[in-house]
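The values are calculated or read from the model by the stated rules, or taken from the named source; none is laboratory data. Note that the coordinates shown come from a computational prediction; the quantities given were computed from them, not determined experimentally. Please note: Cβ atoms are built from the backbone with ideal geometry, for glycine as well, and neighbour counts cover all protein chains shown. For the accessible areas, the whole protein counts, side chains as well, though only heavy atoms, and no ligand, DNA or RNA atoms are used. Shrake-Rupley method; radii C 1.70, N 1.55, O 1.52, S 1.80 Å.
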Amino acid sequence: MKKTLILLLLGLVLTLSSCAKETTVTTAEPTISKTTKEKTENDMFWDQDDNGIPDWQEEEITLTYATWQYNDDTQTTIDTLMLEAFEQKYPNIHVEMKIVGEDYEWDANMQALAEVGDLPDVFLIYRLETALPYGLLANITEYYNHDDDTAYIFNSVKNAGTYKDVRYAVPTFIYPSYWFVNLDILKNNNIDAPSYDWTWDQMEAIAEACYNESTHTVGQYGVSSYWRELPKILSGESSWSAFTYDGEKFNFDSPYFEASFEKLTQALNNHAATPTYGEETLTNYYGDPTFDPRYDGYSAVWCSPAWEAKNHFDTMGFDWDVYPAPGGSTGGNIDIAGVSSTCAHKAAAYQLLKWMSFSESGLITRYSLYEDYGDILFKSANNYPYPVVDYGINKYGVNEVWDNIPYNNVPGMTSPQMINSLKNAALWGNKEVVGWDATDAAINTYFAQIYFGEDTFANLKETIIDLGNAALIEFREALDELLAG
């Protein structure tokens, strides 16, 4: 039975703020002394022998760390540099980088390591729902709850890495889907570049005005943002997304979701949005089945994930800039990471996990390393991550985390509007929401029918809700049965 349920789980997957705080940077973790500071409950949690030194700093420890952004021991990545800095900050801890594989083979390779008792101590998680059945992850709820810094994590990502009120992971970084504007197309149509606080209606007006049937220039190429981002923008709620689980179901019956698809239908009819073309259309329009209207200069506006778009930054032969999502809730996904269930030093591993993700000193160090070594870092390991946390400003009026994001080679990447929109990100949720993949597999064909004008959301709404929720329930019941057994 257990094997059958595991196969079911894997099969479903494969079908597919600002708070003020004074900042002090030190070379070692400050110790706590009764004579200088009254100890809190959290202090005592980390220093149970009450000698003023966190327990995890009192013995020699070796940890291993794994990420799919590092697959070659000759690479210099931000991760390798960060681990060296961690060792310098905490000399009692030695960290070794463990090679596991690429993201697409992560689950299988991690499960194989679990079978031979060789899991890394701290690692990225490809899917929470596929890590849980194999017991890969430690319960880190108590560590998280006794960490003062978790109060600064954005509300939009606080629940990432939890299942049934147990925390197995923490959010690491937001990886945005940037909005791009081809400024040359706008100029050729006598349209001024929009401000970074543009609205959805302004975006559609620009897109519609730039559409040119004779030259096959599209206004907005691609339409997935109408269900990934627009519903959250309409809701104005920081924790909302189409795949936000409310305890019983996803939000497909939300009025914001329905309104977004109504707006999509209007945009398709007005040529303010164009679904992505197939190879036949690309050949007929541009003479090449591999032609990409976005990066090859025939789309005025489009939305692309940073990890894809970065490969085209040096080849786009036109004037362009990056924008936050119109309406101020930029989409994307987040990575999550956790501690191995077999780790012998979980408290120290949690500190490494935090250093590599949301700690203030870790983030400041990360950006300093980008500045010093950015030119030599292995390119695929920089997917333009943004913090999931805001520690506020220091006594000098500087936000040492958000004021130092090292992506200022493109103006829009570090604009105040981009930063604010990422704090309210419209997150995809596929890695951290248990049952996301099963639900997506059950309903994505119906979304496609809407995209291509074959049907309407109004007609398909009940089908989407029923099939989506049924897939979610089936997946979670199977997982719960497996975990209970």
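Before moving on, here are some points about what is shown:
- For the range 192-327, with +1 on Lys and Arg beta carbons and -1 on Asp and Glu, the positive-most of Gly222, Phe261, Asn284 along the dipole: Phe261
- Exposure rank, largest accessible area first [Met418, Met44; 1.4 Å]: Met44, Met418
- Solvent-accessible surface (1.4 Å probe) assigned to Lys461 amounts to roughly 40 Å².
- Note, ³J(HN,Hα) from phi for the range 154-168, Karplus 6.51, -1.76, 1.60, rounded to Hz, x at Gly and Pro: 4, 4, 5, 10, 4, 8, 5, x, 10, 8, 6, 6, 10, 9, 10
- The chain, accessible surface, carbon-and-sulfur percent (1.4 angstrom probe): 47 percent
- Per-residue HN-Hα couplings for the range 101-118 [Karplus 6.51, -1.76, 1.60; θ = phi - 60°; Hz; x = Gly/Pro]: x, 6, 4, 5, 10, 4, 4, 4, 5, 5, 5, 5, 5, 5, 5, 9, x, 10
- Cα-Cα over 30 Å, subset of Lys164/Lys346; Lys98/Lys431; Lys39/Lys164; Lys39/Lys89: Lys39/Lys164
- Under 5 Å from the amide H of Val339 lie the amide H atoms of Ala138, each residue being 5 or more positions distant or on a separate chain, with H modelled from the backbone and absent for Pro and chain starts.
- Per residue solvent-accessible surface (Å²) - the range 80-236, probe of 1.4 Å: 39 Å²
- Taking a straight line from the alpha carbon of Lys263, these aspartates and glutamates sit under 13 Å away, with near neighbours fewer than eight places off in the same chain left out: Asp201, Glu204, Glu229.
- Taking amide H as placed 1.01 Å from N in the peptide plane, the amide H of Thr276 sits under 5 Å from that of Gly222, Val223, each at least 5 places away or on another chain.
- For the range 81-92, putting each phi into the Karplus relation 6.51 cos²θ - 1.76 cosθ + 1.60 with θ = phi - 60° gives couplings of 5, 5, 5, 4, 5, 5, 5, 5, 6, 10, x, 7 Hz, in residue order, rounded to whole numbers and with x for Gly and Pro.
- Ordering of 356-362, 333-339, 290-296 by packing is 333-339, 356-362, 290-296, highest average first (other Cβ atoms within 10 Å, averaged per residue).
- Scanning residues 5 or more positions from Asp121 or on other chains, those with amide H under 5 Å from its amide H are Thr64, Tyr65, with H placed 1.01 Å from N in the peptide plane.
- Cβ-defined net charge surrounding Pro255, 12 Å radius [Lys, Arg +1; Asp, Glu -1]: -2
- A protection proxy built from the mean count of other Cβ atoms within 10 Å ranks the segments 77-85, 427-435, most packed first, as 427-435, 77-85.
- Each Lys and Arg Cβ is given +1 and each Asp and Glu Cβ -1; about its Cα centre, the chain then shows a dipole of about 480 debye.
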